[in-house]
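The values are calculated or read from the model by the stated rules, or taken from the named source; none is laboratory data. Please read these numbers as outputs of a predicted model, since none were measured by experiment. Neighbour counts are summed over all protein chains in view; Cβ atoms, including those assigned to glycine, are modelled from backbone coordinates with ideal geometry.
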Amino acid sequence: MWWIVGFVVLLIKVAVVLGVLFGFAAGMVLVERKLLGRLQIRYGPNRVGPFGLLQPVADGLKLLLKEDIVPKGADRIIFFFAPAVVALVPLLIAAVVPFSSDLKIGETRIPVLIADLNVGLLFFLAVASLSVYGVALGGWASNSKYSMLGSVRGAAQLISYELSLGLSLVPVVMLAGSFSLVDIVNAQAEYPFILVQPVSFLIFFISSMAESNRLPFDLPEAENELIGGFHTEYSGMRFALYFLGEYISMVVLGALVAVFFLGGWRGPVLPPLAWFLIKTMITPVFFIWTRATLPRVRYDQLMQLGWKILLPLCLVNIIATGGIALLVRS
Amino acid sequence: MTALRMVFYLLAILIVASTAMAITRKNLVHAVLYLVQSFFATAALFYLLGAPVLAALEIIIYAGAIMVLFLFIIMTLIGGYTGSRNHRQWIFPSLLGLASIVSAGVLLFSSPASETGLIAATASPASFGRYLFDKYWLPIEIVSLLLFVALVGALYLGTHKGKSVAQIEVEQ
Amino acid sequence: MNENESRLGRIMDGIGGIVDSYAVTLKHLFRKPITEQYPEQKKVLPERTRARIVLTRDPEGEERCVSCYLCEAVCPTDCISMEGAERGDGRRYALWFRINFARCIFCGLCEEACPTLAIQLTPDFEFSKYHVLDLVYEKEDLLIEGCGKNSEYNYYEHAGVAVGFDKGEHPGEAKPVDVKSNMP
């Protein structure tokens, strides 16, 4: 009996998280276009509905109704499934993110997350490392030179920045003493980790920007050199999946930054969920601001930043954190 | 047959089948993908046997990094397709495979521990780490030294016999 | 030591550059957008903007076009075509005159080539159509009642072409130039 109730609760949670994430992704498209417009002293979309608020609906309908073109000589099966990988990865990561404090209904406490894995952080890194397949295989399967170049770049970039993404979280794990995201939030009851780990935060932030192919690091897409890179040949719904994946991953990375460094749902006065949403939106908004500000880096600059600056900085940071922790505890 | 056993055998079949597909594909990218699938099943197997950390590491390192490097090299150098295969090249690998299956079988049936059934258990990340770094710290340090040597070697090769790229450009 | 200082300085320079650019874009966020909302806010175009082509009339209300084919010849996209004809009094006119605006690039070469100032470009560019064949304008669509840019010019007063009268006999026409003399 209780087994069934638990299952139903789980299903409801999954449905809510999915719905909210898709809604956020659609909203993010509008927020990005509007904010980017204002940052570049223009209006952004303002034709569909009042203030252009219905633009996501129009975009979605357009992408749904467009012809689904498969290029000649494409590897059809891989071509069909590669965009799904990109969209699936952030959705899977969202499963381990704690959104709020426990929900209390009478005596029972329902944790507001889908799965509290004791290796939650490793699960995030494992799943995030798979998004490279969507990029690499999508471009390879398209049978196009631009796509191929985009996916080769994407593969190299994502591997390089995955390292610093993972290593920048090691100090967080050291401070929290657990891989579980719930424990990490609980460990920040007194102060958020950004205060003690600013370097870690910065590295995680830059690496996540690179992992989500956002602007200073958007070499795999590079509209003006590679005509869209790995998704050059995609159209209609499959292109929409790539698009959706990128925006969901922006939101999910925002949620993860909130969990790892900003204290998750903790905060005064406002309810926990409101705090979580505010903290989650900081990262995407900053990503958009960055897109309006910084030009694309050159490929060798990208590799230098990843391997010669961020990675050694990560290692030094880990050693320093370990040393200080040892001093404080003894 | 318990549910645990059923899942175990399903995963085992999946691993063997996808690995077999991987070694018989002519298209190298397909082969890599089948191998990735096999790694996924292996990770699930680790999780089933109560080693979530190992499962996560299996995916991060093998599926997420090493196979991507394979893919990268295939895409940049070969382009995904190999020519026709020579049947004689199967002989040595199949002999090797047979030998490893036989030795694994002998080890399995000669050990008294092989009689015990599957038990659901978990090693928490903390206890796993403590066990590893308390008991096996020396092998781990040796392995890390090995990786360090490899890193230095790669760095040396990358700088064109000890000269940096900038130096070479200046000389040219 | 000196090298270290310069390196530190370079790092600080780089950070300063990045922070500055963020500040600039942030400032833009609070500025009024400079976008002109086109269909609602129409900009007044300069008088000599080149767009839709018209055929004008001379001050007496006659068609200026003498169907000399110069515009057709000079048109880089070959969008002009016509057929010339002659009236009873010897004055030439275009039997039909057609401009395909789907091909016209508003370059204005026809206006420059026209000896009678008949063909002229106007600032009106907003005449897109749903069907491409609707952009083929015939003579009746092109001809306007008026002189366009040069209100007093009349080709036949300066041309030295005999239409009804002898050369130099037309009302207001200057005497023909004597090519044998170099006197002014």
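Key figures
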item	result
Residue identified as surrounded by fewer than 24 Cβ atoms within 10 Å (Cβ to Cβ) and within 14 Å of another protein chain (Cβ to nearest Cβ) among A:Leu167, A:Leu181, A:Leu195	A:Leu167
Positions within the stretch C:58-81 being more than 13 Å from C:Ala113 (Cα to Cα) and surrounded by fewer than 18 Cβ atoms within 10 Å (Cβ to Cβ), in sequence order	C:Pro59, C:Glu60, C:Gly61, C:Glu62, C:Thr77, C:Asp78, C:Ser81
Helices (runs of 4 or more DSSP H) contained in the stretch A:112-183 and holding at least 2 residues under 27 Å from A:Val297 (Cα atoms)	A:120-128, A:131-141, A:145-168
Selection status of B:Leu132, modelled with pLDDT of 80 or more, surrounded by 11 or more Cβ atoms within 10 Å (Cβ to Cβ) and within 30 Å of B:Pro52 (Cα to Cα)	yes
C:Ile99 crowded, with 17+ Cβ neighbours inside 10 Å, of a type in the set (Val, Ile, Thr) and within 15 Å of C:Ile53 (Cα to Cα)	yes
In the stretch A:88-111, the residues that are more than 11 Å from A:Leu256 (Cβ to Cβ) and part of a helix (DSSP H, G or I)	A:Leu88, A:Val89, A:Leu91, A:Leu92, A:Ala95
Unmet criterion (only one of (1) surrounded by 10 or more Cβ atoms within 10 Å (Cβ to Cβ); (2) within 37 Å of the chain's Cα centre (by Cα)) for C:Leu29	(2)
Qualifying residues in the stretch B:68-90 (those that are more than 14 Å from chain A (Cβ to nearest Cβ) and surrounded by 10 or more Cβ atoms within 10 Å (Cβ to Cβ)) - the one modelled with the highest pLDDT	B:Trp90
Filtered residues of the stretch A:287-304 (kept if touching a residue at least 12 places away in the same chain (Cβ under 8 Å) and not basic (Lys, Arg))	A:Phe287, A:Ile288, A:Trp289, A:Thr290, A:Ala292, A:Thr293, A:Leu294, A:Pro295, A:Val297, A:Tyr299, A:Leu302, A:Met303
Failed item, numbered, when A:Val173 is tested on (1) within 23 Å of A:Ala115 (Cα to Cα); (2) more than 14 Å from chain B (Cβ to nearest Cβ)	(2)
For C:Ser128: the one exception among (1) modelled with pLDDT of 85 or more; (2) of a type in the set (Gly, Ala, Ser); (3) in contact with a strand residue (DSSP E or B) (Cβ under 7 Å, 6 or more places away or on another chain)	(3)
Sole residue being touching a residue at least 12 places away in the same chain (Cβ under 8 Å) and within 20 Å of the chain's Cα centre (by Cα), chosen from A:Ser147, A:Ser180	A:Ser180
Residues (buried (at least 22 other Cβ atoms within 10 Å of the Cβ) and over 16 Å from the mean Cα position of the chain (by Cα)) located in the stretch A:80-93	A:Ala82
Qualifying residue in the stretch A:94-108 (condition: of a type in the set (A, V, I, L, M), within 19 Å of B:Val36 (Cα to Cα) and surrounded by fewer than 18 Cβ atoms within 10 Å (Cβ to Cβ))	no
Close pairs (8 angstrom Cβ cut-off, 6 or more residues apart or separate chains): free of Cβ contacts under 8 Å to residues at least 24 places away in the same chain in the stretch A:249-275, in a helix (DSSP H, G or I) and crowded, with 22+ Cβ neighbours inside 10 Å anywhere	A:Gly267/A:Lys279
Selection from the stretch C:75-94 of residues that are without any contact (Cβ under 8 Å) to a residue 60 or more places away in the chain and under 17 Å from C:Gly61 (Cα atoms)	C:Arg87, C:Arg92, C:Tyr93, C:Ala94
Single match in A:Leu256, A:Leu305, A:Leu310, A:Leu315 (criterion: within 14 Å of chain C (Cβ to nearest Cβ) and either not charged (D, E, K, R) or not in a helix (DSSP H, G or I) (or both))	A:Leu305
Residue pairs meeting the criteria (Cβ under 8 Å; at least 6 apart or on separate chains; first free of Cβ contacts under 8 Å to residues at least 24 places away in the same chain and at the interface with another protein chain (Cβ under 7 Å from one of its Cβ atoms), in the stretch A:112-126; second part of a helix (DSSP H, G or I) and crowded, with 24+ Cβ neighbours inside 10 Å)	A:Ala126/B:Ala56; A:Ala126/B:Ile59; A:Ala126/B:Gly64
Leading residue by the ranking (surrounded by the fewest Cβ atoms within 10 Å (Cβ to Cβ)) among those in the stretch A:23-47 that are more than 9 Å from every other protein chain (Cβ to nearest Cβ) and part of a loop (DSSP other than H, G, I, E, B)	A:Arg47
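Results for (1) over 16 Å from A:Val29 (Cα atoms); (2) touching a Phe, Trp or Tyr at 6+ places or on another chain (Cβ under 7 Å), shown as yes or no for each residue.
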position	(1), (2)
A:Pro216	yes, no
A:Leu219	yes, yes
A:Glu223	yes, no
A:Ile227	yes, yes
A:Tyr234	yes, yes
A:Leu241	no, no
A:Leu244	no, no
A:Tyr247	no, no
